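What follows draws every value from the coordinates through simple rules; no lab data is involved. Just so you know, these numbers come straight off a predicted model, no measurement behind them. Virtual Cβ from ideal backbone geometry, glycine too; neighbours counted across all protein chains shown.
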Ligand code: HEM
């Protein structure tokens, strides 16, 4: 049975989309298309879009630059108003002007989508998830933490953590962090696994909890305990409320895998494009010699800046490559909800890459299997395998 409760509305707006099915919306199709796409072999130069988002790739072609589909029947029971909302549509827009309008949100009409039950276990009331006055307050604080002097003061800690990561005997704090990241990682996988799962009305209020929900609840408790332990070790007098725990979780989550992926993919590209690797290394040595990176030198790393995004396409800068259209390429988002950690992330990545380039030459290992997967950020499913050869600059 095919149904689209909003057909009349969609048609009057001129928005098309795939026919939706009762209860499941388009979820089953999305899951099937993803399964088929991911079962295919992937070469290093293959286009990622049809592989990772096959439904979007295909429906954009069929239904136009902006289309509507039904992400399952995002069934939701609003008990207080005794109202049953059965379906939730997703509008996919790919026209840069419209993207800009939504993300800039000047009229304050676009709110972020409400996280799923599992998503809220992962994000709580951290900056990524909150809205309104609460967001204004939290964003102001976060802006101060991740910019200017405060960011400069973090440089030594970033250098130490790159150093520690390269030592066989890792520090205790590193292991603590690792425990936390493993738990966050497991939670992310559960959330992603359930994005296209159909939830039937009332089911989430039933006595029987799904295995995923039970595991997510256990992980939530574990993450909470871990954050408290880490914060208490640094500051005994601090009162650790739920808000602080949620914000710490958010920064761990938003800051770890994103920068990890960025580093991983950049190392892969540099290992393949040895000429760019040499160019980047020459620049690093010119600016830092064999010394550790310092805040004054980091903005001078022009080649690494290009590398952090994409090679030849951005050789003349991002603005030129996108025809001066900010909404055509925005890895850190756009508008008021854009990434608060952008300066932190690029600083951290430039420090780590500079220190790697100072020490090693990288070549792609024959053991590397190219399998990018989308888990909020784009990750290499089997890791990045490169062969490191010592540069002999550092004794
Ligand atoms: C390569 C690294 C990173 C990338 C590509 C990235 C990307 C993004 C993007 C695209 C958004 C907007 C999401 C949206 O529109 O819903 C965002 C938001 C955010 N990012 Fe990042 N991010 C990175 C690193 C970081 C780091 C290191 C932190 C903090 C430690 C961070 C914290 C946040 C937070 C808190 C938000 C939500 C901001 C708000 O809603 O006001 N990110 N990020």
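Does anything in region 136-151 have its amide N under 18 Å from the 7 Å Cα→Cβ label point of residue 108, and if so which residues?
It comes to 136-141, nothing else.
Extension gain residue 189-residue 139, at 0.36 nm per residue separation less the Cα-Cα distance, in nm?
15.3 nm
If I model a spin label at residue 243 and residue 178 as a point 7 Å from the Cα along the Cα→Cβ vector, what separation in nanometres do I get?
Each label point is offset 7 Å from its Cα along the Cβ direction, giving 3.5 nm.
Can you compute the modelled spin-label distance between residue 234 and residue 95, with each label point 7 Å from Cα toward Cβ, in nm?
Label-label distance for residue 234 and residue 95, simple model: 4.6 nm.
Say each of residue 120 and residue 278 gets a label point 7 Å from the Cα, pointing the same way as Cα to Cβ; how far apart are those two points in nm?
5.7
Efficiency by 1/(1 + (r/R0)^6): what FRET value for residue 302 and residue 387, r their Cβ-Cβ distance, R0 = 45 Å, to the nearest 0.05?
The pair residue 302/residue 387 has a calculated efficiency of 0.95.
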